[in-house]
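Accompanying notes for the structure given below.
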Amino acid sequence: MASFAKAVLRPVAGASRGAVLSRSALPSAARFVHMTADSTSLASPTSIHDIKPTETFTTQLSPESFKAHLLSEDQLPSLEVETSKEHLVKLYEEMVKMRRMEMAADQLYKQKLIRGFCHLAIGQEAVAVGMESGMKPSDKLITAYRCHPYTVQRGGTIKSVIAELFGREAGISKGKGGSMHMFTPTFFGGNGIVGAQVPVGAGIAFAQQYMNTQDAVFSMYGDGASNQGQVFEAFNMAKLWNLPCVFVCENNKYGMGTSAERSSMNTKYFTRGDVIPGLQVNGMDVLAVHQATEWASKYTLAGNGPLILEMVTYRYGGHSLSDPGTTYRTRDEIASMRSSSDPIQGLKTKILEWSVTDEGSLKKIDKAAKEEVDQAVEEAKQSPEPAVKDLWTDIYYKGTEPDWMRGREKEEIHRYR
Ligand SMILES: Cc1ncc(C[n+]2csc(CCOP(=O)(O)OP(=O)(O)O)c2C)c(N)n1
Ligand SMILES: [Mg+2]
């Protein structure tokens, strides 16, 4: 047995560290859509100076926004995106709020007001905001632990997220879940076990099909989770049963301290569903994410079965707040992503270039977002901790509780009836 293990573990000739690294030296264009956040142009009309805030107009995404797997040209999402001034400003405002909220969480963690695990999505705002913009409100979403922006986008409030991080009663899970355990009626969490949410998402999609809701399910996971067996089991069942499930790989290039190139034999995550079609999306351009998501919901609900979307994005901070995030990648890499691909800056450039609004109005939005987050933090601080008796509530669906339940010790028993 030991010699078998040794034989298996012995490095194969040629598969040295050098060989692995040389793969990452491939030109990135060969593997990825581009990640610029400001490559969209105005299509029609070519000047929107005089049009009303709610009037629609057409923008043109760069052809480098998408890459397809097993999808013909006529099936792909259009590069022409219908939008309005109001829509663009709303996307900007939401991304700014999400970043402010995450920056506040970072500070509050450092002040020890937030304890435990805390994973932030700074840099990835275009994915959560663009997906919400493209999804139907009744579509369903499930993700992993990097979940704060999704919670707010799917109907939670900033105060309910911050209060949850504090473990206070005003939290979205009444302060009993903390980070990673946040839900809304169309958002199934917030899941701490890497990859576990993928088959759960397929199950939610099965429920939509069974109940004929005409809602799509977006089941999200990371590049790090992508190699798990259960991900492929979920793919298999979803395709076999033609479920309305969109698997979304949020490829932020790292799983903890391991780069995608070091963990995955194939980093084209959109191609890894075998016979399931896939689309790689520039996840730094909120309009590309919006377009791909809206298209994906319609595609899967038209009876075409599951789909894989790969959102190519980047996390600026560490994996969690206990990781400085600079030991496995260079500071230059982070600085270069921030300066060349930032989703908020990218949209801001377009908003100003197209005269959607002026710099002063955007500054007001930035200021209002900061004030909203500051106020949410203050209100969350005022909220009490949950009462001890509430340790026994919200465990079972109302009416399905057992007669009694044991606590941490044998003697600690709570009687429901
Ligand atoms: C089953 C399981 N294995 C390992 C872990 C530890 N772990 C937490 S996050 C993570 C990396 C996941 O990376 P990725 O899927 O790329 O998501 P990201 O953090 O980049 O959003 C690991 C290995 C876990 N939480 N659950
Ligand atoms: Mg990752």
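The values are calculated or read from the model by the stated rules, or taken from the named source; none is laboratory data. Quick caveat, the model's predicted, so the values are computed rather than measured. Heads up, the Cβs are rebuilt from the backbone with ideal geometry, glycines too, and the neighbour counts pull from every protein chain shown.
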Answer yes if at least one residue in region 312-320 is without any contact (Cβ under 8 Å) to a residue 12 or more places away in the chain, more than 15 Å from the chain's Cα centre (by Cα) and over 20 Å from E125 (Cα atoms), and no otherwise. no
State yes or no: is K389 under 21 Å from G175 (Cβ atoms), free of Cβ contacts under 8 Å to residues at least 12 places away in the same chain and not in a loop (DSSP other than H, G, I, E, B)? yes
Kindly check whether there is at least one residue in region 13-21 that is outside any helix (DSSP H, G or I), of a type outside the set (D, E) and either closer than 25 Å to Q280 by Cα or modelled with pLDDT of 95 or more (or both). no
T54: assigned to a strand (DSSP E or B) and of a type in the set (V, I, T), yes or no? no
Please work out which residue is nearest to S138 (Cα to Cα), limiting yourself to region 230-252 and to residues that are aliphatic (A, V, I, L, M) and within 13 Å of ligand 1 (Cβ to nearest atom). V248
Please determine, by comparing only the residues of region 267-311 that are charged (D, E, K, R) and more than 16 Å from ligand 1 (Cβ to nearest atom), which one is farthest from the chain's Cα centre (by Cα). D274
Can you name every one of the helices (runs of 4 or more DSSP H) wholly within region 117-212 that holds 1 or more residues which are within 16 Å of ligand 1 (Cβ to nearest atom)? 125-134, 148-153, 197-211
Any residue at all in region 40-48 that's under 30 Å from G303 (Cβ atoms) and modelled with pLDDT of 90 or more? no
Qualifying positions in region 173-214 - over 19 Å from the mean Cα position of the chain (by Cα), surrounded by 18 or more Cβ atoms within 10 Å (Cβ to Cβ) and either of a type in the set (D, E) or within 23 Å of G130 (Cβ to Cβ) (or both): Q208
Scanning region 375-386 residue by residue, those part of a loop (DSSP other than H, G, I, E, B) and aliphatic (A, V, I, L, M) turn out to be none
Name the pairs: first residue in region 268-287 and closer than 18 Å to A234 by Cα, second residue surrounded by fewer than 24 Cβ atoms within 10 Å (Cβ to Cβ) and hydroxyl-bearing (S, T, Y), Cβ to Cβ under 8 Å, at least 6 apart or on different chains? G278/T271
Of K136, K67, which residue is over 30 Å from M211 (Cα atoms) and more than 15 Å from the chain's Cα centre (by Cα)? K67
Looking at I413, I334, I395, I365, which is the one that is of a type in the set (A, V, I, L, M, F, W, C) and more than 29 Å from I162 (Cβ to Cβ)? I413
Just wondering, is there one or more residues in region 253-266 that are acidic (D, E), within 11 Å of ligand 1 (Cβ to nearest atom) and closer than 29 Å to S39 by Cβ? no
So the check is Cβ under 6 Å with 6+ separation or different chains; which pairs have a first residue in region 216-229 that's within 9 Å of ligand 1 (Cβ to nearest atom) and a second one that's in a helix (DSSP H, G or I)? Y221/V198; D223/A260; S226/Y269
Report, by residue number, each residue of region 326-348 that is crowded, with 18+ Cβ neighbours inside 10 Å and either within 15 Å of ligand 1 (Cβ to nearest atom) or of a type in the set (S, T, Y) (or both). M337, S341
Flag if I351 is over 22 Å from the mean Cα position of the chain (by Cα) and either polar (S, T, N, Q) or loosely packed, with under 15 Cβ neighbours inside 10 Å (or both): no
